[in-house]
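All remarks here apply to the structure that follows.
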Amino acid sequence: MGIQGLVWAVVAFLVYVVLHIALVRTLRPKLYMTGSLRLLLALLACYAVVAWKVAHLRGFEYLNSLLLVASLWVWYMELTVHLLRSVSIGAMMALAQSPGNTMTSQAFEQLHDLNRLFDHRIESLIANRYAIETDRTLRLTPQGVAMARLFTIIRRLFNLTTYG
Amino acid sequence: MTGFVLSIGWALAAAIATLVMLHLRRVTRRVRLMGWLGLLGLVGFVAHYLLIHPCPTQALRVGWGLEFVNGLYFYLFGFIGVFLQIYGLADRGFSLAMLTDLNRAHPRAMTREALKQTYADGKGLTYVSHKRMHQLTHGGFIRTEGNTVRATRLGAAIGRVCVALRRLYVTGTR
């Protein structure tokens, strides 16, 4: 890995971040992950051409540079998804914004209304076509069944018997 | 290229060792075990790299250093960014727990209310709330004093950084 491949990868990733923030702010996409992934694929396709034709990266350095962009994207997605969806981070944000970083237990619980969060996640599962809702009954789609099976296998691999 | 190949190999070895340990022993502090095995894998990677590629003369040192850092980065990415994140999702994923609960139901259908009550193997939604509060308290991020909840210095600092970062996206509730 040469310094050129590294610099080009970091620049491409920064371009992604700027574009991503601008698009999220303006479009407010309902399918956050899908939209972000599509943007990454579009950027990677452009970067693959730029890295070859403009930066003249070749062989392993070329591949390494593309992998670097993709891996930086994974870290970035993990950060933003935690920022937007984590129950624990949401709790710390709520406390940090309250006077004296303090709240009454009741106010804290109201703010962290898990029923609201639960309904929101259900809407998200439906929007992502993992589940459908008819007559107030939720059903898994084939895609949802596949995902549930995959994570059941992963939970077994980690020998997980409880939920964290 | 050696650094990259070694990093993937050692990240895989550390991940497999973790999975084996989780099956062989009843582990209560899983994250601590993963941390130690991840560190062991990192030491293994560094030692292996230095054995294959001893630090060269001054003229070649930049290339050597870059390849080493590249390998180090991909080791950390493989073990923390991929392996530990998958573990986190499987263990704590809110939506994924709903999917697996629905998948276990017969005939893979439930009302919202029933799903709320059976969430996480029948523990219900309040279980998540209590568990997360316990984890935040145990981790030193919040303190509960009588009828009030207070963020510790660390918790408030993290909260402020997250608020500032979140403002970049202005997404409302998602």
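Derivation of every value follows stated rules applied to the coordinates shown; laboratory data play no part. Only a predicted model underlies this, so the values are computations on that prediction, with no experimental measurement involved. Heads up, the Cβs are rebuilt from the backbone with ideal geometry, glycines too, and the neighbour counts pull from every protein chain shown.
Fewest-first ordering of B:131, A:30, A:53 by other beta carbons within 10 Å of each residue's beta carbon gives A:53, A:30, B:131. Given +1 at the Cβ of Lys and Arg, -1 at the Cβ of Asp and Glu and no other charges, the dipole of the range A:1-149 around its Cα centre is 400 debye to the nearest 20. Note: relative contact order over chain A, using C-alpha pairs below 8 Å and six or more positions apart, is 19 percent.
At q = 0.13, 0.14, 0.19, 0.21 Å⁻¹ the log10 of I(q)/I(0) for the range B:53-155 amounts to -0.74, -0.78, -1.00, -1.07, computed by Debye summation with a single uniform scatterer per C-alpha, solvent ignored.
Per residue of peptide A:142-154, the mean number of Cβ atoms on other chains within 10 Å of the residue Cβ is 4. Volume of the convex hull of the protein assembly as shown (Cα atoms only), normalised per residue: 163 Å³.
Placing dummy labels 7 Å off each Cα toward the beta-carbon, the span from residue B:1 to residue B:143 is 5.7 nm.
Taking the Cα centre of the range B:2-92 as reference, the dipole from Cβ charges on Lys and Arg (+1) and Asp and Glu (-1) amounts to some 440 debye.
Would you mind checking the tilt of helix A:32-53 against the longest principal axis of the Cα atoms of chain A, expressed as 0 to 90 degrees and rounded to 10? The two axes meet at around 10 degrees. Working from Cα pairs under 8 Å separated by at least six residues, relative contact order for the range B:2-92 is 49 percent.
Report, ordered by chain and residue number, the aspartates and glutamates lying within cross-link reach of residue A:53, taken as a straight Cα distance under 15 Å and ignoring same-chain residues fewer than 8 apart. Within the straight-line limit of under 15 Å, residue A:53 reaches these aspartates and glutamates: A:61.
Across peptide B:110-123, the average count of Cβ atoms from other chains found within 10 Å of a residue's Cβ is 3.
Equivalent ellipsoid of chain B: semi-axes from √(5λ) of the C-alpha gyration tensor, largest first, are 39, 23, 17 Å. Using C-alpha pairs under 8 Å with a sequence gap of at least 6, the mean separation divided by the residue count of chain B gives a relative contact order of 18 percent.
Gain on full extension, evaluated as 0.36 nm per residue between residue B:8 and residue B:164 minus their Cα-Cα distance, stands at 52.7 nm. When +1 charges are put on Lys and Arg Cβ atoms and -1 charges on Asp and Glu Cβ atoms, the dipole computed for the range A:3-85 relative to its Cα centre reaches about 320 debye.
Report, as an integer, the average count of C-beta atoms from other chains found within 10 Å of each Cβ along A:29-35.
1
In the protein assembly as shown, the DSSP-assigned H stretches of four residues or longer account for a calculated mean residue ellipticity at 222 nm of -24000 deg cm²/dmol, using -39500 (n - 2.57) per stretch and the full residue count as denominator.
Scaling the Cα radius of gyration of chain A by the globular reference 2.2 N^0.38 Å produces a ratio of 1.35. Annotation: for a label point projected 7 angstrom from Cα along Cα→Cβ of residue B:52, residues of the range B:1-31 with backbone N closer than 11 Å are B:1-10. Comparing Cα centroids, the range A:148-164 and the range B:1-70 end up 26 angstrom apart. Spacing of the modelled spin labels on residue B:127 and residue A:143, each 7 Å from Cα toward Cβ, amounts to 2.8 nm. With Cα atoms defining each centre, the range B:122-161 and the range A:1-42 are spaced 33 Å apart in the structure.
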